[in-house]
1. Would you work out what percent of the accessible area of the chain, with all protein chains in place, is carbon or sulfur (probe 1.4 Å)?
2. Given R₀ = 35 Å, FRET efficiency for residue 358-residue 28 by Cβ-Cβ distance, to 0.05?
3. Just to verify a number: what accessible area does residue 392 come out at with the full protein assembly present, 1.4 Å probe, Å² rounded to tens?
4. Express the accessible area of the chain per residue in Å², computed with a 1.4 Å probe while the remaining protein chains stay in the model.
5. Largest first and to the nearest Å, give the Cα extent of the stretch 20-82 along each principal axis.
6. How many percent of the alpha carbon pairs in the stretch 276-345 exceed a separation of 21 Å?
7. Could you order 125, 242 by accessible surface area, starting with the largest, using a probe radius of 1.4 Å?
8. Could you calculate, for the stretch 259-396, the ratio of the Cα radius of gyration to the Kirkwood radius, expressed as Rg to Rh?
Amino acid sequence: MRTITLRRDRDAATRRRHPWLFSGAVAREAGEDEGGIVEGRDGSGELLARGFASPRSPIVARWWTFRDEPLDGALAERRLHDALALRSAVVPDGTDGYRVVNAEGDSLPGLIVDRYGDVLAVQATTEGTERARPLWLPALASRFPGSTIVQKNDLPSRAGEGLGTADELLAGRELPARAPFRERGLSFVADLAGGQKTGFFLDQRENRDLVRRHAAGRRVLNLFSYSGAFGVAALAGGASATTQVDVSAAALELARENHRRNGQASEGPGARAELVLADVFDDLRARVAAGETWDLIVTDPPAFAKRKGDVDRACRGYKDVNRLALKLLAPGGLLLACSCSGPVDASLFQKVLFAAALDARVPARILEKRGAGPDHPVSVYCPEGEYLKAFLIGIA
């Protein structure tokens, strides 16, 4: 197989079992390419790791193992077995929508698999992961017989490596546009054809349950609502009313569908779910100017920062939206402030929330620090896999 010899001064990360090899750590390469498999060795020839190459990416290889073992279907099957054992322990009853494989967190680098009922939505984020398909696809198909398997390819990382970006049907009869699934007994639909991520934000499941548990008797404002799932959970928890705000008409139609599936009227007499098409920042400023008050607010914007150069601008955006949200909270109110920007870590996000509370002049206190659910494990050797931050803030 092809061998990458690592520079003596750049092999420490691999020795510490970090699964990414950057191009700057490569001293030289030799050997034939066999299905994208590469091994990493130090200057003396000692084997350090084996994995799959992505030669057109700054991360030129992702290590699958740090042992002298073959990269084959048996290894992929063992990794998937371990992943499913974890999900059987942590996925709640009444739920068939969850993350099956979380890339490096499940020792299957670059591979994302989300389950939506009878549909598996897959993302192979790199060339190496794509070339490993003969390993992971048979393992998936055998564990979920009869399921439709869709590969979602519209990813910047794939485009950057010259890979195809059109969705592919890997198993089943046709590409589904939507996929119904359940979450703690609630019914939702994932937008596979045009939605964000793989079609739904499964990583927020435990935070939706938090909102559900705190919603009874409260008026709930859900900002950047997308599928409306936080609002659906709030009404299921006994909220007196919920308002969903998003700039996308398609997202609000998805929210309307999710309300309908759960018997929650968003139109007509007795409707407790309001859907508002608006820019969230403009909408918030108008609500503050009108002197509105709310009991529970969720701010869950899309990623404001996707690279380090975006961080300053992102922090200004996070501060502004949460400052305005805090101004709307009634005494005893709650704010669930979220960030899915990887370059903005939890410490920095907490500082942003401190600045927002200071400017809003409210007596805020942190009640909980949260992240993604346990079906989104993060490798201790690859902390870069942690991205979702959520702070539950209370107003005295």
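The values are calculated or read from the model by the stated rules, or taken from the named source; none is laboratory data. These numbers come from a predicted model, not from an experiment. Please note: Cβ atoms are built from the backbone with ideal geometry, for glycine as well, and neighbour counts cover all protein chains shown. Protein only, heavy atoms only, side chains kept; ligands, DNA and RNA dropped before computing areas. Shrake-Rupley method; radii C 1.70, N 1.55, O 1.52, S 1.80 Å.
1. Details: 8510 of 16920 Å².
Exposed carbon and sulfur together represent 50 percent of the surface.
2. Values: r = 54 Å, r/R0 = 1.53.
About 0.05, to the nearest 0.05.
3. Only protein atoms counted, so the area is about 10 Å².
4. Values: 16920 Å² over 396 residues.
Per residue, the chain has 43 Å² of solvent-accessible surface.
5. Result, largest extent first: 35, 26, 20 Å.
6. On the way: 680 of 2415 pairs.
Summing the P(r) of the stretch 276-345 above 21 Å gives 28 percent of all pairs.
7. Numbers: 125 35, 242 0 Å².
So the residues, ranked largest to smallest area, are 125, 242.
8. Numbers: Rg = 16.4 Å, Rh = 16.3 Å.
We get a ratio of 1.00 for the stretch 259-396.
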